[in-house]
Structure formats: C-alpha cells, structure tokens
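Notes to accompany the following structure.
The values are calculated or read from the model by the stated rules, or taken from the named source; none is laboratory data. A quick note: this is a predicted structure, and the numbers were derived from the prediction, not measured. All Cβ positions, glycine included, derive from the backbone under ideal geometry; neighbour counts span all protein chains shown. Surface accessibility is based on the protein's heavy atoms, side chains included, excluding ligands, DNA and RNA. Shrake-Rupley method; radii C 1.70, N 1.55, O 1.52, S 1.80 Å.
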Amino acid sequence: MVAAKGEDVEFNIPEEMNLCDILVDENLRKGRGDKIAFYYAAEREERITYRQLLEKINKIGNALKSLGVEVENRVAIVLPDMPQHVETFLGAIRIGAQPVALSTLETPQTYEYLLNDSRAKVLVTYGKLAEVIKEAKNKLRYLKHIIVVDEYSEDFLSYSDLTKDSSPNLEPEPMSKDDFCYWLYSSGTTGPPKGVIHLAHDPLYSTDTYYKHILNLNEDDTIFSTSKLFFAYGIGNTLFATLRAGASAVLFPGAPEPNKVFETIQRYKISLFFSVPVVYSRLLTEKDFEKRYNLSSLRLCVSAGEALPAAIYESWKRRTGVDILDGIGTTELTHIFISNRVGRIKPGSSGIPVPGYEVRLVDDEGREVKVGEVGKLLVKGDSIAALYWRKHEKTKRAFLGEWFFTGDSYYMDEDGFFWHVGRTDDLIKSAGAWVSPVEVEGALLKHPAVLECAVVQGYTEEGIGRPKAYVVLKSEYQPSEELEKELKENAHKNLGVGFKVPTWIVFVKELPKTATGKIQRYKLREQPKLQV
Ligand code: 3UK
C-alpha cells in the first residue's frame, strides 16, 4: 500500500514572531550585516547587503504605514524580479500586512479581478502596467494607492520619493507563527485564479526541510532562479531560502535567454541553480556552452514545475558534470515535498518524500493503491496553506484535515520512487506554468470558423508540456495549414501571452462527450512519456 514518509525533522519556531525579523534581522544578529543578500543583475547592477536590505525594507514599511496600510491589509505587488519587489514583500510583512505577489503576465481584466478579490489597498508596480490598471481604476473598489517604481507619470505615487525621506527604523509588528502572512494566486480549470493564503511558519518549514536536508543550503551559497518571484517556486528559492540561510541570490529581471543565464552563473559564481525543464532544454541547445562559460561554481541544479524528462537530465549531467534534482512542489505546499536526492536519483522520476513530509496514493474511494499502481497524490506537512480565499467549496475538496489533495496522479515503484503520470483534473502545464483549458477554448472560439473545441495537455517529443487543441470546424470551413496558423494567431491575440497558445491544433469531426453533452477532455489528453 502506498504511504511513504520522509525522515522526521525538528521544527521549532516561536509562537510570537515576525517572518521579516526571522529572515532579515536574524542575519544582522548573526553578524552578516555587510554580507551581500542580493545582486540585482540589471543594466545598472546593484549589490545590496543585509544591512542595506533591512533599511530599505523599513523605509517602504514606514511609507506603507503612512499611506494607511494596517495589520492584515493586503499590499499587491506586480513587479519583475528587482530589489523593490523583495523590499515591498518583506516591508508589508514587517508591519503585519499581507503581500500579494501577482504575475506580471495577466490581462487587464484579470488584474481587475485579482485586485478586487484580494481587496489590496496599495499596489506596487511599474509605469506601463500602472497605466493599464488606471483604466480600470473606477472598477477597483478597494485599491487606494498605486506606487510605481519608475518615474512614469504624475498620476501615481513614486516609490523613490516615498522611501527617500522615510525613516530607516521600524520595529517588526509582533505576529503569530500562525497568522495569515502572504498570498499567491493559483489557476484552476474553471473560474478565476484562487488566492492561496500562507501562514507565517509555512516558508520556514520548507526552508528547514527541503532546502536544508535535500540541498544542504548554507550561507556560502549563491542562488539563481530563472522562475520569478511571483511563482511559489521562485519566491521560495530567491527570497525565503536565501534569507533563511544567510546566503546570497541574484535578482534577474528579464527573460532567461541562454547566454544571459550562463553569463549570470559565471559572473556571480552561482552554486545553486533553479529552473524548469523547458529552460534547461533551451540552455542545452546552446552550442559548446560548457566550454564557452566557466560554470565550475555550480554544485547542484534543481528542476520543478513539471516532470524533467530523463534525456534532459542526462545531457545536462554529461555536459556540465552537475546533477539536476527534479522534485514536485505546489503553490499550496509552499515548496518541494517529493524530490530526488544527491546520490539517489532516478532520472524521469520525482524522487522520494522530502524529510518532514508524508505522501499517500489513493484510489477513487480513498483506499491506498498498491506499489506500481496509479493513484491520486495526497501530501501532509506543516507548510500547507490555510485555505483558498473566498472559495469554500474548492477549499473543502483540496484541504483535507492535515492532508492536501494535489490533483496529480502518481505511481510508486519498488524502490519507493514516485513517477508523475499526469493531472486528475483538466489543468494544463505549459512550460511549467498553469494554463486553464477553458480560457484557451474561449480564445479559440472567438474565431468564426470554430464550432467547438477541447484543449488538453500535450507533450513535445522531448517531454515538455504544452497545450493541444482539438477543433471542430463549422461546416463551411475546411481544415488547412493557413487556418491553423490563423487560429493560433487569433488565440495569441486574445490570450495576450504565447505560452497559453496551443502548440498543436488537431481538426476533428467531433469531440468525445458524456450523455449530457459535456466534453470529455480526459479522453483526449496525453500522458507524459516515462523513461524508466
Ligand atoms: C506540477 C510537477 C511533475 C504538478 C512549484 C516547485 O510548480 C509549482 O507549483 P504550482 O502550484 O504547480 C503545482 C503542480 O505542478 N508539478 C510541479 N513540479 C513537478 N509535476 N514533476 C514535477 N517536478 O501538477 C503540481 O501539482 O505552479 C514547484 C516548488 C514550488 C512550487 N509551487
């Protein structure tokens, strides 16, 4: 019967605490004031010591207070990876407010939803996006102030003006380890994204289990994560883990172009590199990169977001000599809870339970399945979020007492390794990011040729997840390559971002349906190719 458990870990944090104090002030108490916490890898590079970081956090914390932000208020952040992102996140926590880190890739309608749903009082963003959000200003019921980090327009508050004369001293608000602390939004198959509310102790549990025991993270490490701060994976790496260990991290604002990634690893002597399968795959297309760049500082690489194909693991290992540890995490669990380990890697698998976590695989009746049988994944560990904000039905289905229902299908092999088989719902991972089939179908249906369609999980030859569309055309249209191109372009226009556009469009005469006419997407979705 599949029930497996990582090693026990001791986890002690005080009842009364402030996460910002533990992550930042603690490093000053340990004598790391002059140590670099963050390298901002922008055109004008910045290096920020722990002492400077604390001052900057205090300045924005005081500024937020002066704007009327109180304990338990929300502060939304829509920013690339940059110092102001980290400062605002921790400044909000320091005053007992709750930062809500939002993706930089949403449509104006989605921002309107996210800002109203979270009831954020203040938004910290940058000019171009602030202009977009300003359009919706009269529909934003709770937002009182928009702060922009660049000097874009006089309609907004300026981050630098606000913080310039603000005091660098600010006592952390005494909070409980079980207070609501920060939010992230996670997509679902239907309906808008769900606000995932994390408690103050959640990130510490993940740093003290996964990062400590699996990665042996320590203050000598320098971290670079190509996944951004608004992803749970990114914030775990760049913010929580870095500061908990008193290590250093790179804030990298742009897209992970291969040359820039390698240059960054070389320049900052990165020891721990975090990325997703599609980026590893792109890096591997770079000719002779292992000869052109000095990557000798790397001690370990990590992959998450979707399963890492064995072939990518093997070519990376062959060319760099460094392991990639694949592990599964979710926004609700804070971070990775099943992982490969140094010296215990099965390429293509997600590994074994992380210390501090327990997992079970169950059938539809909730009974544990046998070794080798596919079951639904449940996980237990003290970093599970509190709930989905204002989504009680979804909360009840996923947060089951001490257990969390991830929505993934897995099987465990005889050596206790877990193999990802797919999702139990219709959600799609495209290059490691969520895509709702309903949203893509809606975008395809806007084209006059489309009668009906179903969008499901597909995989490239290499094993990278991408959306795949099955389309039934209206009788007056014929399938053609031009039409396929047109549908993709039209979908791209409607969706705003490329990763949601179907990589494949298959024209079919009809779609599989239930007796009541509901499209059965699960009959169309592909399984990842497992290489055992
Ligand atoms: C899938 C994986 C196979 C799986 C995340 C590391 O991806 C993260 O969080 P999300 O909430 O998505 C969670 C879902 O993504 N998945 C993630 N990693 C793997 N499938 N192999 C993997 N290694 O469906 C899971 O339910 O966006 C990853 C750390 C923190 C995270 N939040």
If you take just the helices (runs of 4 or more DSSP H) that sit entirely in region 220-274, which of them hold at least 1 residues that are in contact with a helix residue (DSSP H, G or I) (Cβ under 6 Å, 6 or more places away or on another chain) and open to solvent by 10 Å² or more (accessible area, probe 1.4 Å)?
242-245, 258-267
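Matching residues to (1) within 16 Å of the ligand (Cβ to nearest atom); (2) in contact with a Leu (Cβ under 6 Å, 6 or more places away or on another chain):
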position	(1), (2)
Asp221	no, yes
Phe224	yes, no
Thr242	yes, no
Gly246	no, no
Phe252	no, no
Ala307	yes, no
How many residues does region 338-381 hold that are of a type in the set (Phe, Trp, Tyr) and closer than 17 Å to Lys429 by Cβ?
0
Might you check whether a residue that is charged (D, E, K, R), outside the structural domain of Pro467 (by TED's automatic domain parsing) and touching a Pro at 6+ places or on another chain (Cβ under 8 Å) occurs anywhere in region 266-277?
no
Hey, can you tell me all the residues within region 1-25 that are open to solvent by 10 Å² or more (accessible area, probe 1.4 Å), out of contact with any helix residue (DSSP H, G or I) (no Cβ under 8 Å at 6 or more places or on another chain) and in contact (Cβ under 8 Å) with a residue 40 or more places away in the chain?
Met1, Ala3, Ala4, Lys5, Asp8, Pro14, Glu15, Glu16, Met17
Which condition breaks for Ser303 when tested against (1) in contact with a Ser or Thr (Cβ under 8 Å, 6 or more places away or on another chain); (2) away from the ligand (no atom under 13 Å from the Cβ)?
(2)
Candidate set: region 408-438, residues that are open to solvent by less than 20 Å² (accessible area, probe 1.4 Å) and of a type in the set (Phe, Trp, Tyr); chosen: the one nearest to Gly188 (Cα to Cα):
Tyr410
Odd one out for Ile197 among (1) at pLDDT below 95; (2) not in a helix (DSSP H, G or I):
(1)
Quick check on region 99-119. Is at least one of its residues under 19 Å from Glu173 (Cβ atoms) and at pLDDT 95 or above?
yes
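Table: residues versus (1) within 26 Å of Phe180 (Cα to Cα); (2) of a type in the set (Ser, Thr, Tyr).
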| residue | (1), (2) |
| --- | --- |
| Ile197 | yes, no |
| Ser206 | yes, yes |
| Thr209 | yes, yes |
| Lys212 | yes, no |
| Thr222 | no, yes |
Could you list, in sequence order, the residues of region 143-167 that are open to solvent by 30 Å² or more (accessible area, probe 1.4 Å) and touching a helix residue (DSSP H, G or I) at 6+ places or on another chain (Cβ under 7 Å)?
Asp150, Tyr152, Ser153, Asp155, Leu162, Ser167
Exclusive hit being outside any strand (DSSP E or B) and crowded, with 24+ Cβ neighbours inside 10 Å, set Gly68, Gly96, Gly91:
Gly91
Restricting to region 440-462, give me the number of residues that are crowded, with 20+ Cβ neighbours inside 10 Å and within 16 Å of the ligand (Cβ to nearest atom).
4
If we keep just the residues of region 340-365 that are among the hydrophobic types (A, V, I, L, M, F, W, C) and under 23 Å from Lys376 (Cβ atoms), which is surrounded by the most Cβ atoms within 10 Å (Cβ to Cβ)?
Val354
With the first residue restricted to region 89-112 and required to be in contact (Cβ under 8 Å) with a residue 12 or more places away in the chain, and the second required to be of a type in the set (Ser, Thr, Tyr), Cβ contacts under 6 Å at 6 or more apart or on different chains are Gln98/Tyr182; Pro99/Tyr182; Val100/Ser118
With the first residue restricted to region 304-330 and required to be in contact (Cβ under 8 Å) with a residue 60 or more places away in the chain and under 17 Å from Val342 (Cα atoms), and the second required to be of a type in the set (D, E, K, R) and near the ligand (Cβ under 6 Å from one of its atoms), Cβ contacts under 8 Å at 6 or more apart or on different chains are Ala304/Asp326; Ile328/Asp408
Within region 511-532, how many residues are under 14 Å from Val456 (Cα atoms) and outside any strand (DSSP E or B)?
11
Which one of these is in the same structural domain as Pro83 (by TED's automatic domain parsing) and closer than 16 Å to Val69 by Cα: Leu157, Leu129?
Leu157
Can you confirm whether region 502-510 contains a residue that is in contact (Cβ under 8 Å) with a residue 24 or more places away in the chain, part of a loop (DSSP other than H, G, I, E, B), hydrophobic (A, V, I, L, M, F, W, C) and under 30 Å from Tyr411 (Cα atoms)?
no
Mind listing whichever residues of region 316-337 are near the ligand (Cβ under 6 Å from one of its atoms) and out of contact with any helix residue (DSSP H, G or I) (no Cβ under 8 Å at 6 or more places or on another chain)?
Ile328
